Each structure stands twice: as structure tokens, then as C-alpha cells.
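Colleague: Quick one: structure below, then a few questions.
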Amino acid sequence: EPEVTQTPSHQVTQMGQEVILRCVPISNHLYFYWYRQILGQKVEFLVSFYNNEISEKSEIFDDQFSVERPDGSNFTLKIRSTKLEDSAMYFCAMRPDRGATGELFFGEGSRLTVL
Amino acid sequence: LAKTTQPISMDSYEGQEVNITCSHNNIATNDYITWYQQFPSQGPRFIIQGYKTKVTNEVASLFIPADRKSSTLSLPRVSLSDTAVYYCLVGDWEGARDDKIIFGKGTRLHILP
């Protein structure tokens, strides 16, 4: 099974600091997603990304968040000025195409702790 | 997006067959039904997907009645390692309607020895 690699696995930061979470794409996967999961809660959709553009985003994904995939390299999620409530696991996911299968390949997650 | 309803939690014993039912009354014609499994501190993992009738793979079976307003994930002979949260998702993964793949609250399955 293809593996999605995320870095860092855990990051501790001070409130107000910028954080960048990275995800190494699986070869030939074209559709990318970020999710977050606050401890003990459900997996929440943040954003989907295709062809260097945001396809969909949730109300959580406000101006403090941005995503990019410069030059077809790592897929990144940036939080410009972190808040305490941004503490969560952040999962990157991807799929190869918009075929009928709803199979997303998830990374192991990046745990963000905002102090 | 079709709304899904699942039991919040279930307990079962090792060696038993476990059936988790998901309701999706407003499923659309082009929607597929997909199930994921999530262990603590890990990302969700795809288990199975179906459109109608029955689908089986090495991990589970998925039963979908003719009206498609519900589906049942069946895990044969569970073990302690099947303790996880199971999510039912319904959506038009192929169509151009949207590209949000939304997880509900899932069913927390606890397997007892």
C-alpha cells in the first residue's frame, strides 16, 4: 500500500507563531487534502487541492491557513499565526484521480501543540 | 452530501462477527458508500466501498439493500486489534459536484477479550 509521509510528526509552538506542515506526495496522486482531528473528536475536513488550486475548503480554513504545492513537490499546510485551538493532529491525504473509489491514502499525521 | 447516522459506540467479544449499520436516507443516485477504520493517533484507513448489493474483501463485507438508504459493515471473527473507530461516508467521489470528503463521528468499536 502506498505510504504518505508527513513531517514533522510532532511540533510544539508558541501562540502567534507560524507553522508549516509538510506532506510528501505519492507518485501519480493528483488530489490532495488536509484534515485535522482535535483530541477525542472527529476527523474534520479542512481543504482539498488539485492542479495547484484549492477545490473546496471548510469554514475552519480561514485566512490564517494556506496550502501550496510549489513545483510539484511537497504539499504544505501553513498556519500563519497559531492559536491555542489549533492544537490538533493534522492529516494529509491524497488520491490518484476522481475515479469512483473514495479511497483516500492518509499520512500518519502531524501533532501540533500550541502553548 | 448525504448525511450519515451510525451508533456512537459498540462492544463485542473476540471471535464474534460484528455488524455496524449506517443510515443514509438521502443518498443520491451517483453516491457510493465507503467505510474507513481509524486507530488511535493514526490516520483513517480505507476498508471497503460499495454501490449496491454486497461487496467482500479480505478485511470485511459490506451489505447494501436495494433502496440503498442504509449499509452494514460486517467484520468476521473480530480480534482485540479491531478496536478502532469506524466511519461510514457517502459521496459522489467521481462526479464534479464537490471534492469534500467529510467524516462523521463514526462508531467506536471496543473488542473485549
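The rows are residues; the columns are (1) open to solvent by less than 60 Å² (accessible area, probe 1.4 Å); (2) away from chain B (no Cβ under 14 Å); (3) polar (S, T, N, Q); (4) under 21 Å from A:Leu30 (Cβ atoms).
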{"residue": "A:Val47", "(1), (2), (3), (4)": "yes, no, no, yes"}
{"residue": "A:Glu53", "(1), (2), (3), (4)": "no, no, no, yes"}
{"residue": "A:Gly72", "(1), (2), (3), (4)": "yes, yes, no, yes"}
{"residue": "A:Arg80", "(1), (2), (3), (4)": "no, yes, no, no"}
{"residue": "A:Ala88", "(1), (2), (3), (4)": "yes, no, no, no"}
{"residue": "A:Ala93", "(1), (2), (3), (4)": "yes, no, no, yes"}
{"residue": "A:Pro96", "(1), (2), (3), (4)": "yes, no, no, yes"}
{"residue": "A:Leu104", "(1), (2), (3), (4)": "yes, no, no, yes"}
{"residue": "A:Arg111", "(1), (2), (3), (4)": "no, no, no, no"}
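Colleague: Kindly establish whether B:Tyr86 is open to solvent by 60 Å² or more (accessible area, probe 1.4 Å) and within 14 Å of another protein chain (Cβ to nearest Cβ). Break it down into steps so the answer makes sense when it comes.
Modeller: Working: open to solvent by 60 Å² or more (accessible area, probe 1.4 Å): no; within 14 Å of another protein chain (Cβ to nearest Cβ): yes.
For B:Tyr86, the condition - open to solvent by 60 Å² or more (accessible area, probe 1.4 Å) and within 14 Å of another protein chain (Cβ to nearest Cβ) - is not met.
Colleague: Report, ordered by the first and then the second residue, all pairs with beta carbons closer than 8 Å, sequence separation of six or more or different chains, a first member in the stretch A:77-91 that is in contact (Cβ under 8 Å) with a residue 12 or more places away in the chain, and a second member that is assigned to a helix (DSSP H, G or I).
Modeller: Taking only residues 6 or more apart or on different chains, the pairs are A:Ile79/A:Asp86.
Colleague: Under the condition of being assigned to a strand (DSSP E or B) and among the small types (Gly, Ala, Ser), which residue from the stretch B:4-19 is least open to solvent (accessible area, probe 1.4 Å)? Please lay out each step first, then the result.
Modeller: Step one: of the stretch B:4-19, the residues assigned to a strand (DSSP E or B) are B:5, B:9-13, B:18-19.
Filter again for among the small types (Gly, Ala, Ser), leaving B:9, B:12.
Working: B:Ser9: 76, B:Ser12: 16 Å².
Ranking the qualifying residues of the stretch B:4-19, first place goes to B:Ser12.
Colleague: Looking at the stretch A:23-32, is at least one residue of a type outside the set (Asp, Glu), open to solvent by 70 Å² or more (accessible area, probe 1.4 Å) and within 14 Å of chain B (Cβ to nearest Cβ)? Please lay out each step first, then the result.
Modeller: Narrowing the stretch A:23-32 to residues of a type outside the set (Asp, Glu): A:23-32.
This time we only want the ones that are open to solvent by 70 Å² or more (accessible area, probe 1.4 Å), so: A:27-28, A:30.
From what's left, within 14 Å of chain B (Cβ to nearest Cβ): A:30.
The answer is yes, given that some residue of the stretch A:23-32 is of a type outside the set (Asp, Glu), open to solvent by 70 Å² or more (accessible area, probe 1.4 Å) and within 14 Å of chain B (Cβ to nearest Cβ).
Colleague: Now for a different question. Just checking: which of the strands (runs of 3 or more DSSP E) contained wholly in the stretch B:20-113 hold 2 or more residues that are among the polar types (S, T, N, Q)? Step through it out loud before you land on a result.
Modeller: Values: elements: B:32-38, B:45-50, B:53-56, B:61-64, B:70-75, B:84-91, B:107-112.
Answer list for the stretch B:20-113: B:32-38, B:53-56, B:70-75.
Colleague: Sticking with this one: Considering the stretch B:58-83 alone, what residues qualify as being loosely packed, with under 14 Cβ neighbours inside 10 Å and among the hydrophobic types (A, V, I, L, M, F, W, C)?
Modeller: The answer is B:Ala66, B:Leu80.
Colleague: Which one of these does A:Ser66 not meet: (1) open to solvent by less than 50 Å² (accessible area, probe 1.4 Å); (2) within 27 Å of B:Gly50 (Cβ to Cβ); (3) more than 9 Å from chain B (Cβ to nearest Cβ)?
Modeller: (2)
Colleague: Say whether the condition of being aromatic (Phe, Trp, Tyr), touching a residue at least 24 places away in the same chain (Cβ under 8 Å) and surrounded by 19 or more Cβ atoms within 10 Å (Cβ to Cβ) is met by at least one residue in the stretch B:36-45. Give the derivation first.
Modeller: Of all residues in the stretch B:36-45, those aromatic (Phe, Trp, Tyr) come to B:36, B:39.
Still in the running and touching a residue at least 24 places away in the same chain (Cβ under 8 Å): B:36, B:39.
Pick out the ones that are also surrounded by 19 or more Cβ atoms within 10 Å (Cβ to Cβ) and you get B:36.
Within the stretch B:36-45, one or more residues are aromatic (Phe, Trp, Tyr), touching a residue at least 24 places away in the same chain (Cβ under 8 Å) and surrounded by 19 or more Cβ atoms within 10 Å (Cβ to Cβ).
Colleague: Hey, any hits in the stretch B:46-53 for a residue that's open to solvent by 30 Å² or more (accessible area, probe 1.4 Å) and within 25 Å of A:Ile38 (Cβ to Cβ)?
Modeller: Yes, the stretch B:46-53 contains at least one residue that is open to solvent by 30 Å² or more (accessible area, probe 1.4 Å) and within 25 Å of A:Ile38 (Cβ to Cβ).
Colleague: Kindly indicate whether any position in the stretch B:25-32 is within 14 Å of another protein chain (Cβ to nearest Cβ) and within 15 Å of A:Glu103 (Cα to Cα).
Modeller: yes
The values are calculated or read from the model by the stated rules, or taken from the named source; none is laboratory data. All values reported here derive from a predicted model rather than from experimental measurement. Reconstructed Cβ throughout: ideal geometry from the backbone, glycine too, with neighbour counts over all protein chains shown. With ligands, DNA and RNA removed, areas are computed over all heavy atoms of the protein, side chains included. Shrake-Rupley method; radii C 1.70, N 1.55, O 1.52, S 1.80 Å.
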